[in-house]
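Structure below; questions to follow.
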Amino acid sequence: MSDFDRSAAARWGSGAARAGASEIDQGLRSYMLGVYNYMTVGLAITGLVALGVNMLATTDPSNAVARMGGTGLTSLGVAIYASPLKWVIMLLPLAFVFFFSFRIDKMTASTARSVFMLFAAAMGLSLSSILLVYTGVSITRAFFITAATFGGLSLYGYTTKRNLSAMGSFLIMGVIGLCIASVVNLFLQSSALQFGLSVLSVLIFAGLTAYDTQSIKEMYYVNDDMETATKKSVNGALMLYLDFINIFTSLLNLTGSRNN
């Protein structure tokens, strides 16, 4: 999966209360730390699930039920990588995002956390297939490049005084275009179009990282109760998680070395 609906971002009002500067700074730091902590836990779950599923789904070719390229598959591997179930697995994270977007207002904070963690696990299941396609070195390299890029852009979004809302509206339109073009390319199977979409995806989600960070910062309100603040933190973590995953998968498509 690469592109996702982002309507959860619009569920919350923005602005910080005009209280004492030190009170706002301390509360804002705590709030943003919560966002990044949830995001980090989500990425860790995704990575562990992807690795675990891949280990269960692959085996030595001599013991394999079937093969995909040079990789031997177990019965589980055949089910999730080579049967119609793979389409359900591919779309499952998108279903979670839509559910989260439309139900966040009615969820408790604990439910929001649980749904986010389940979403991260579903994403890990979906992304486990990249371990069949790309070398471990390529995946590691793409991850660290993504982490460095994401960190710099998120820091810019947090510290800049420039209003990024106009840029954000343009970039969200770009996401919609990417979604449509990606669906079209499922039928065309054009490598040139896929390359172009990967380049655009890196650029668009890099910009959205800065924009989303600023938007998440503006969601903070000093008088929020713990329940509301936690839900905002989880919602913000989802936004940044999606930016990170989309940059990562697009960079992997551009720079990854494939398994023989």
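Here, each number is a calculation from the coordinates, and none is a lab measurement. It should be emphasised that the depicted structure is a prediction, and the values quoted were computed from it without experimental measurement. Quick reminder, even Gly has a Cβ in these numbers, built from the backbone with ideal geometry, and neighbours come from all protein chains shown.
Among the residues of the range 201-246, write down those that are among the hydrophobic types (A, V, I, L, M, F, W, C), under 20 Å from Ser169 (Cβ atoms) and within 14 Å of the chain's Cα centre (by Cα).
Val202, Ile204, Phe205, Ala206, Leu208, Leu238, Met239, Leu240, Leu242
Just checking, how many residues over the range 220-243 are in contact with a Phe, Trp or Tyr (Cβ under 7 Å, 6 or more places away or on another chain) and surrounded by 22 or more Cβ atoms within 10 Å (Cβ to Cβ)?
The qualifying residues number 9.
Each row is one residue, and each column tells you yes or no for (1) surrounded by fewer than 18 Cβ atoms within 10 Å (Cβ to Cβ); (2) over 18 Å from Leu94 (Cβ atoms).
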{"site": "Gln189", "(1), (2)": "yes, yes"}
{"site": "Val202", "(1), (2)": "no, yes"}
{"site": "Leu208", "(1), (2)": "no, no"}
{"site": "Lys217", "(1), (2)": "no, yes"}
{"site": "Asn246", "(1), (2)": "no, no"}
{"site": "Leu251", "(1), (2)": "no, yes"}
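Of all residues in the range 41-65 being surrounded by 14 or more Cβ atoms within 10 Å (Cβ to Cβ) and in contact with a strand residue (DSSP E or B) (Cβ under 9 Å, 6 or more places away or on another chain), which is nearest to Gly236 (Cα to Cα)?
Among those residues, the one meeting the criterion is Ala57.
Could you run through the range 108-136 and say how many residues are in contact with a strand residue (DSSP E or B) (Cβ under 7 Å, 6 or more places away or on another chain) and closer than 22 Å to Pro84 by Cβ?
2
Now, a different point. I'm trying to understand the selection: among the residues of the range 83-128, which are loosely packed, with under 15 Cβ neighbours inside 10 Å, among the small types (Gly, Ala, Ser) and over 18 Å from the mean Cα position of the chain (by Cα)?
Ser83, Ser110
Name the residue that is surrounded by the fewest Cβ atoms within 10 Å (Cβ to Cβ), counting only residues in the range 129-182 that are touching a Gly at 6+ places or on another chain (Cβ under 8 Å) and of a type in the set (Ser, Thr, Tyr).
Thr135
Something else about it: Give just the number: which of (1) outside any helix (DSSP H, G or I); (2) closer than 22 Å to Leu91 by Cβ does Asn223 not satisfy?
For Asn223, the failing item is (2).
Residue by residue through the range 54-104, note down the ones that are among the polar types (S, T, N, Q), part of a loop (DSSP other than H, G, I, E, B) and either in contact with a Pro (Cβ under 8 Å, 6 or more places away or on another chain) or in contact (Cβ under 8 Å) with a residue 40 or more places away in the chain (or both).
none
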